[in-house]
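Here's the structure we're looking at; comments come further down.
The values are calculated or read from the model by the stated rules, or taken from the named source; none is laboratory data. Keep in mind the model is a prediction, meaning the values are calculated, not measured. Here the Cβ positions follow ideal geometry from the backbone for every residue, glycine too, while neighbour counts run over all protein chains shown. Remember, those area values only see protein heavy atoms, side chains included, never the ligands or the DNA or RNA. Shrake-Rupley method; radii C 1.70, N 1.55, O 1.52, S 1.80 Å.
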Amino acid sequence: MEGRRAAELAARQSFGKLVAWLTARCGDVAAAEDALGDAFLAALRRWPVEGVPRAPEAWLLVVARRRLIDRARRDRTLEQLLPELDAVATDPDTPEPPMEFPDERLRLLFLCAHPAIDPGIQAPLMLQTVLGLNASRIAAAFLVAPATMGQRLVRAKAKIREARIPFVLPGAEALPVRSAAVLQAIYAAYTTGWDGQGDDGRDRGLTQEAVLLARLCAALLPEEPEAGGLLALLLHCEARHGARRAADGSYVPLLEQEPALWDAGLIAEAEAVLTLASRAGRPGRFQLEAAIQSLHAHRAVNGRVDWPALLGLYDALLALAPSAGGRVSRIAVLAELAGPERALAELEALAAAEPALKEHQPWWALRAHLLQCTGQASQAQLAYRRAIALADDPAVRAFLGERARAAFPAPLPDDPGDRRHAGRP
């Protein structure tokens, strides 16, 4: 069992780093992923019997390189890679010391942002190749069907291979152009891990990896204020990590968190990074989102939320970078200022204009709350039921269930539109 657990841990923690290193040598993302997949399968077979190697990452790297060499000998398009791959194909039983791959991952991020790749698939491609997310989780982050996302990813990797896109960082003048997709992917990775975070170390590792990549980008692009804006945003969110769960593991929403539990050091760092970014005078999406989190952080100082200022920031954000999630969050702020009736009307109008929101868990959670506030008990019950079904985090499901039971002592009715746990794929 120890060997199997070690292989699974390596897969969670090292997939993206190893794919990046291999892709740097072969220039074929799909081939690198296939070779690494074979290496992980070999680890699952051998480690439980032979024991865990001293350097698991290096062992996996050696086995994956051998798979690439075998393929290169059969595939003339990879033939030119044989000398380099052979030169480093050492014995997996006497592996080299563990390696660090931050530059390789950064190169792979910017490779995926190459102008020859469809801009709509660049960020999802980064999430899969660098961070190891599967198509289903990526599809959820971008509100598309998993099968559709899978097909797009396959086509993008084929494009890299067929167009012989070089695995090199572009010139300094091209970095800012490509950075928008890179920053978007890092943000999507963080939010994916954040939304799924509970006791799963994979999701916690994903958020930490995203913060590290944000730091690397901010260092690489010191003149790009949005890189600093993203780093400030993630640091503000990380500062609240310890307050998201009570001592018993139950979920605590932002407005009910105890500010004394927030990490003051991370907040101070986030404020300094955001201040530096704002001096460029080029406000962008991530700077505005970081400013929104900064306003929430000020509750630790004055004990209140400046709702009018928060609404103004959301208006500015949506004018610059409209998104369904941003609109839902703005409506939640509006409810504090204009009342639940007006907020509910806007929420329903939003869903009519964007039907995909009917699969967006925050929309249902807010709708349930607003229906409850306006005295529409039966509709609120159904909305809570749907929000619970769409929540991936067990702690969030339990929180919503408690809110629903506290408001409505009668059992929650079944939602005929909910097939999440009814056996449908």
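Would you mind telling me which numbered condition in (1) within 21 Å of the chain's Cα centre (by Cα); (2) at pLDDT 90 or above L357 fails?
(2)
List every residue pair whose Cβ atoms sit under 9 Å apart, with the two residues 6 or more apart in sequence or on different chains, where the first one lies in the stretch 115-131 and is farther than 21 Å from W21 by Cα and the second, anywhere, is open to solvent by less than 20 Å² (accessible area, probe 1.4 Å) and not in a helix (DSSP H, G or I).
Qualifying pairs under 9 Å: A116/I165; P119/A113.
Within the bounds of the stretch 389-397, is there any residue that is free of Cβ contacts under 8 Å to residues at least 24 places away in the same chain and either farther than 25 Å from L235 by Cα or more than 23 Å from the chain's Cα centre (by Cα) (or both)?
For the stretch 389-397, residues free of Cβ contacts under 8 Å to residues at least 24 places away in the same chain and either farther than 25 Å from L235 by Cα or more than 23 Å from the chain's Cα centre (by Cα) (or both): present.
Quick check, is Q122 at pLDDT below 80, part of a helix (DSSP H, G or I), open to solvent by less than 50 Å² (accessible area, probe 1.4 Å) and of a type outside the set (A, V, I, L, M)?
No: the conditions fail for Q122.
For the stretch 284-301, enumerate the residues that are open to solvent by less than 20 Å² (accessible area, probe 1.4 Å), aliphatic (A, V, I, L, M) and in contact with a Phe, Trp or Tyr (Cβ under 9 Å, 6 or more places away or on another chain).
Within the stretch 284-301, I292, A297 qualify.
I'd like the full set of residues that are open to solvent by 10 Å² or more (accessible area, probe 1.4 Å) and out of contact with any Ser or Thr (no Cβ under 9 Å at 6 or more places or on another chain), limited to the stretch 226-236.
L231
Which condition number does L133 fail, the rest of (1) open to solvent by 10 Å² or more (accessible area, probe 1.4 Å); (2) more than 12 Å from V29 (Cβ to Cβ); (3) not in a helix (DSSP H, G or I) being met?
Just one mismatch for L133, condition (1).
I'd like the residue in the stretch 207-225 that is open to solvent by 20 Å² or more (accessible area, probe 1.4 Å) and over 22 Å from R240 (Cβ atoms) and, out of all such residues, is farthest from the chain's Cα centre (by Cα).
E223
Restricting to the stretch 39-52, name every residue that is within 20 Å of L131 (Cβ to Cβ) and open to solvent by 10 Å² or more (accessible area, probe 1.4 Å).
F40
Being of a type outside the set (G, A, S), over 21 Å from L317 (Cα atoms) and touching a Leu at 6+ places or on another chain (Cβ under 8 Å) is the filter here; which residues of the stretch 208-230 pass it?
Result: E209, V211, L213, R215, L216, C217, L220, L221.
If I go through the stretch 360-373 residue by residue, how many of them are open to solvent by 40 Å² or more (accessible area, probe 1.4 Å) and more than 16 Å from G401 (Cβ to Cβ)?
Residues flagged as open to solvent by 40 Å² or more (accessible area, probe 1.4 Å) and more than 16 Å from G401 (Cβ to Cβ) within the stretch 360-373 amount to 2.
Could you check the stretch 305-353 and list, in sequence order, the residues that are over 27 Å from A180 (Cα atoms), of a type outside the set (A, V, I, L, M) and either in contact (Cβ under 8 Å) with a residue 40 or more places away in the chain or assigned to a helix (DSSP H, G or I) (or both)?
W307, P308, E336, P340, E341, R342, E346, E348
Under the condition of being open to solvent by 60 Å² or more (accessible area, probe 1.4 Å) and over 24 Å from L371 (Cα atoms), which residue from the stretch 316-335 is farthest from the chain's Cα centre (by Cα)?
A319
Please verify whether A89 is open to solvent by less than 60 Å² (accessible area, probe 1.4 Å) and at pLDDT 70 or above, treating the condition exactly as stated.
No.
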